[in-house]
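Q: Below you'll find the structure I mean.
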Amino acid sequence: MSGEEQNPAAVPDPVQDVQGDGRWMSLHNRFVQECKDAEPDVLFVGDSMIQLMQQYEVWRELFSPLHALNFGIGGDTTCNVLWRLQNGELDNIRPRVVVVWVGTNNHEHNAEQVAGGILTITQYLRSCLPRSKVVVLGLLPRGERPNPLREKNASVNSLLRSALDRVGPIQFLDMSGAFVHSDGTISPRDMFDYLHLTAGGYSTIATPLLELLLQLLEETPQERRASLV
């Protein structure tokens, strides 16, 4: 993809309400309202991998105590997340850390485009929240056995690993290797439908993610002085 071509995975776009119940926009509007009422230290934003985290003990025991907001919507692509961020979901809040986990639903885009969409999200976050630290979670493998979508997600992670350094001080946490067994399979004990995580699967990612968040939430003397300005 040349530099002159517009990346379709980096075009902000709301979900089209094909079902007619308005649920996606209702969730977005709820998140915008939460921005007016909350002062989060950590913002989680992304697709169902973020959204479903709230259903498990790891959220209540580990992440919610960090004064965290969960802005995950199932099925979201990079385009949908970018539109949400540009339309009110960052208003009035200044989280110290933003966790981004999105990209596995970008079925219409190739790996280079998906990685570019995620990079665009991080660039937007950096421009709106220059003092916030950003964590990008790598895409997990999917499907019980090796398949093209697994290969695509692995390619996205590889591209992100080499490109995120150029955006700024962004942390990339790739935990994809924890879920594929030696025979190439994924266990339903980790992903109940070979895509979404079980309680055990979330526990696997929770330990390294929590450790990273706690490190990032520790203010350096320079950051403490800057926050007083």
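What follows is calculated from the coordinates using simple rules that are stated; it is not laboratory data. Given the structure is predicted, the values throughout are model-derived calculations rather than measurements. Note: ideal-geometry Cβ built from the backbone for every residue, glycine included; neighbour counts use all protein chains shown.
Q: Which order do the peptides 195-202, 152-159 come out in when sorted by mean C-beta neighbours inside 10 angstrom, highest first?
A: 152-159, 195-202
Q: Just subtract the alpha-carbon distance of GLU151 and ARG60 from 0.36 nm times their residue separation and send over the number in nm, one decimal.
A: 29.5 nm
Q: Now for a different question. According to the Kirkwood expression over distinct Cα-Cα pairs, how big is the hydrodynamic radius of segment 1-95, in Å?
A: Final number for the Kirkwood radius of segment 1-95 is 14.3 Å.
Q: Semi-axes of the equivalent ellipsoid of segment 42-149: what are they in whole Å, largest first, if each equals the square root of 5 times a C-alpha gyration tensor eigenvalue?
A: 23, 19, 11
Q: Given a 10 angstrom Cα cut-off, can you work out which residue in ASN147, ASN105, ASN92 is the most mobile in a GNM of the chain?
A: ASN147
Q: Okay, next question. Restrict the search to segment 36-144; then list the GluC sites (Glu not before Pro) that DSSP places in a loop and that have at most 12 other Cβ atoms within 10 Å of their Cβ.
A: Passing sites in segment 36-144 are GLU108.
Q: For segment 130-158 and segment 1-62, what is the separation of their C-alpha centers, rounded to whole Å?
A: 17
Q: Hey, another quick one. Could you tell me whether segment 134-193 comes out rounded, prolate or oblate from its Cα gyration tensor? Rule is a ≥ b ≥ c as square roots of the eigenvalues, rounded for a/c under 1.5, then prolate if a/b exceeds b/c, otherwise oblate.
A: Taking the square roots of the gyration eigenvalues as a ≥ b ≥ c, segment 134-193 is prolate.
Q: If one computes P(r) from the Cα atoms of the chain, what percent of pairs lie at distances over 23 Å?
A: Pairs farther apart than 23 Å: 47 percent.
Q: So what does the Cα-only Debye profile of segment 93-160 read at q = 0.14, 0.18, 0.19, 0.23 Å⁻¹, as log10 I(q)/I(0), no solvent term?
A: -0.45, -0.67, -0.73, -0.93
Q: Another question, then. Binning every alpha carbon pair distance of segment 65-119 at 10 Å from zero, what are the percents per bin?
A: 21, 50, 25, 4
Q: In percent, what relative contact order does segment 137-202 have, based on Cα pairs under 8 Å that are 6 or more apart in sequence?
A: It rounds to 35 percent for segment 137-202.
Q: Expressed in nm², what is the orientationally averaged projection area of the convex hull enclosing the Cα positions of segment 106-229?
A: 8.9
Q: Moving to a separate point now. Would you mind getting the Kirkwood hydrodynamic radius of segment 172-215 from its Cα pairs, rounded to one decimal in Å?
A: 11.1
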